[in-house]
Every structure is written in structure tokens, then in C-alpha cells.
1. Name the single residue that is least open to solvent (accessible area, probe 1.4 Å) among those in the range 344-372 being polar (S, T, N, Q), farther than 24 Å from Q184 by Cα and assigned to a loop (DSSP other than H, G, I, E, B).
2. Could you grab the pairs with beta carbons closer than 7 Å, sequence gap of 6+ or different chains, first residue in the range 39-56 and closer than 17 Å to E74 by Cα, second one among the acidic types (D, E)?
3. Could you list all residues from the range 290-317 that are free of Cβ contacts under 8 Å to residues at least 40 places away in the same chain, under 30 Å from P351 (Cα atoms) and open to solvent by 70 Å² or more (accessible area, probe 1.4 Å)?
4. On the basis of being within 47 Å of the chain's Cα centre (by Cα) and on the phi > 0 side of the Ramachandran plot, does G64 make the cut?
5. Being over 23 Å from A175 (Cα atoms), at pLDDT below 75 and open to solvent by 60 Å² or more (accessible area, probe 1.4 Å), is that true of even one residue in the range 116-127?
6. How about the range 53-121: which helices (runs of 4 or more DSSP H) wholly inside it have at least 3 residues that are more than 24 Å from Y144 (Cβ to Cβ) and among the charged types (D, E, K, R)?
7. Would you mind telling me which numbered condition in (1) among the β-branched types (V, I, T); (2) assigned to a helix (DSSP H, G or I); (3) out of contact with any helix residue (DSSP H, G or I) (no Cβ under 8 Å at 6 or more places or on another chain) I301 fails?
8. Which residues, taken from the range 341-360, are modelled with pLDDT under 90, among the hydrophobic types (A, V, I, L, M, F, W, C) and touching a Lys or Arg at 6+ places or on another chain (Cβ under 9 Å)?
Amino acid sequence: ENAYREIGNHFANLRSWESAREYYEKAHHIEGLMETFYHLEKYDELENLIGRLPEKSPLLSRLGQMLATVGMTEKAVEAFKKCGDVKSAVSTCVSLRQWGLAVELAQKYKMPSVNALLNKHAAHLLQEGKLPEAVELQKKAGRYLDASRLLMKLAEREIEKKSAPLRIKQLFILAGLLVEDHLQTQASVTGGNRATVLAQLSPEDSILIEQIWHFAEAYHYLLLAQRQLRAGLMHSAVLSSLRLRDYEDVLNVEKIYSLIALSSCADRSFGTCSKAFIKLEALSSLSEVRRQEYEELAVNILSRYEPKDTKMDQIPCFACETLVADWQTSCPNCGSHFPACIASGQSIMNPQVAWQCNKCQHLAKRIEIASRKSCPLCHSLVTLQRTEM
């Protein structure tokens, strides 16, 4: 074997790699074979040498470097892991921009550099415009709040592009569900509940969570009102569109009051219709031509019909029993707030007996949810239970 190895070295010095290979094989000289396979570009045979070397062999490190130089990242990582050098495996992944594999290794072996790697990888993906991939990376790493922030950016891009409201709503809902995953994970770690985790969040994170659901609700009630209008549920469309007044910071204000005017006119609730036109005519963002069109339309409608609502129901407030119009969101007597039913858009006068989604925590009237299999907002599985207030 020594003789064969020396003959192999002789041919290697002459760069006659095929001949060197022949004698290195006879000598069972792995180090020499590594060099010949590398120079002959026989990379499949080069990677097979991993299995022929014992664990912790110093040759594995050299073999890993060789495989890395030709872009065979996974095989290089395999060699470094067998050598016991995980740090070199991660460094190789980073140098070859295999960020996902680098993060996976850093997490598996509990390396302190995992957060730095995640941030670098996310920045790399964002630089390449791969925002969805960055979201998926943060989600797999269990960094749900960071993933939800990226989804917010993605949703904002869709808003700028004037994409379909359904597409925008879906992105905000996904961001909201990631937030809830974060709260649930933290609650299981600390042994607390959702409320205690919320109380411990930083002001920045609290604002983020509130913002995400606020945006999701805005697009949800917009779509709900349009769907009800198309289905001929005129009064329900009025109630849902009136909810949109709480989301003027999210939606186009002209669109909000146009929808209120349209649905209330169809419902023959001309008092609400008149107020919507007044709001439209007062918008500073309108051109003079547009404002004139709204004025003429309002005159055409309200000159024929008395500006009065006749279809609004009176429902007792759960706190003080005062009769409250079904479109109101709070009691004028005691100030109690009435949350919206995510299934119908109606005010829930007694939230203590409403259904609450286990996932997104939003409320609905039990009669509205009885025939549903999923939450109208986040589409999680419906489980009927009494809310805890």
C-alpha cells in the first residue's frame, strides 16, 4: 500500500489524475482520492467518500471544504456534521447564501447566532423582493410577530396596488392569526392566558396587534356590506356599512359613505341616506365636478322622499335596559359599547351571551353562527360556547 501510495503521489505531481486515481484506489488512500476526484470533477464519487471516512476524521473537514467550493452545500454540511464541526457547516451555508439551511442547523444545535442568522436571511430575502418567503422563514422559526409585521408590509403593498379587498383582507387575517399563535405560544410557556400575555407586551407590539385586527375588520365589514347588498339584505347592508365609519383611517372615506348612501337608499332609510350625502358633499378631497354630482343626486332622491328612517329597530341595552336603535354602537344613556357581530354586522346588545371565536376572539350572535362551520372572520372551526367577559 505504501508503494502504491507513493506511485499515486508521483502521478499526482505530474497532474496525471487518472493514473494517480488507479494507484490511490489500490492503496486505499482516501486523502489522495479526494484530490483526484476533485481535479477530475467527479463530484458524485467525491461525496461518496463521506461514508468511507470514520466520524471525527480530520479529512472530513477538508472534504466539506471541497464540496462547498463546488456548491454542494448539503453534502458539505453532512461532512462537517460528521466531523463534529457544526459551526463550519453553518458558516458554509451562510457563505453560499443557503440561509434556510443555516437557520435550521443553528436552531437544531441551539447556536447563539440563530437570531442574527434569521435577521440576515430575512434581510437577504427582502432585498431580493421575496417577501412571502421571508414571512414563511419567520413563521417556521416561531417568530410569529416578526412574520405578522412582514405580512402587514405585504398587505400595504397590495393596498398601494389597489388590489381586490378580499386579497387585502386575507393578508391581514393571516397576520392576525400569526399574532394569535404568538400569544398562544407565550401563554403556554409562561403558564398564563391571553390577557396576561397581552398585558406583558411592549407598547409597540400591542399597537401592532390592535392595528392588524383593525385593518382586518375594516375590509371584512366592507366585503360583508357589499355581499349583503347584492343578496338583497338591504337593512343588514345598512348596519354593516354604518360600521365602516369606525374605519375611516383605513378605507377610502368616499367609498365608505357612498356605500352607506347606496344601501340606505335601497333600504328606504332616507334619514341615514341624507346624512351620508351630507358627509360626501363635505369631503375636501372631492373635485368640484364630483361634489356637484353628489349634490344633484341627493336632491333627486331626497326631494321625492322624506329624509327619515322607518326601519330601525329598538333593542334594550344589556346594562341599563334603555332602548337603543339597532345601528348604534354604544348606549347613549350609560355609554356601554356594543361590539359588532362579525356574521351580520349588527350591534350585539348583550355580549355576555354571544359566541366568541377561540382563535381571533371576535364576537357573533349565536343565532347567526348556529348554522356555520367556520368563523366568518378568520375561518377557524366553530365551537359553540358561552363567552367569558
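1. S344
2. Cβ pairs passing all conditions: I50/E78.
3. Scanning the range 290-317 gives K308, D313, Q314.
4. no
5. no
6. 73-83
7. I301 satisfies all of (1) among the β-branched types (V, I, T); (2) assigned to a helix (DSSP H, G or I); (3) out of contact with any helix residue (DSSP H, G or I) (no Cβ under 8 Å at 6 or more places or on another chain) except (3).
8. I348, V353, A354
The values are calculated or read from the model by the stated rules, or taken from the named source; none is laboratory data. All values derive from a computational prediction rather than experimental measurement. Note that we place each Cβ from the backbone using ideal geometry, even for glycine, and neighbour counts take in every protein chain shown. Note: accessible area is taken over every heavy atom of the protein model, side chains too, but ligands, DNA and RNA are not part of it. Shrake-Rupley method; radii C 1.70, N 1.55, O 1.52, S 1.80 Å.
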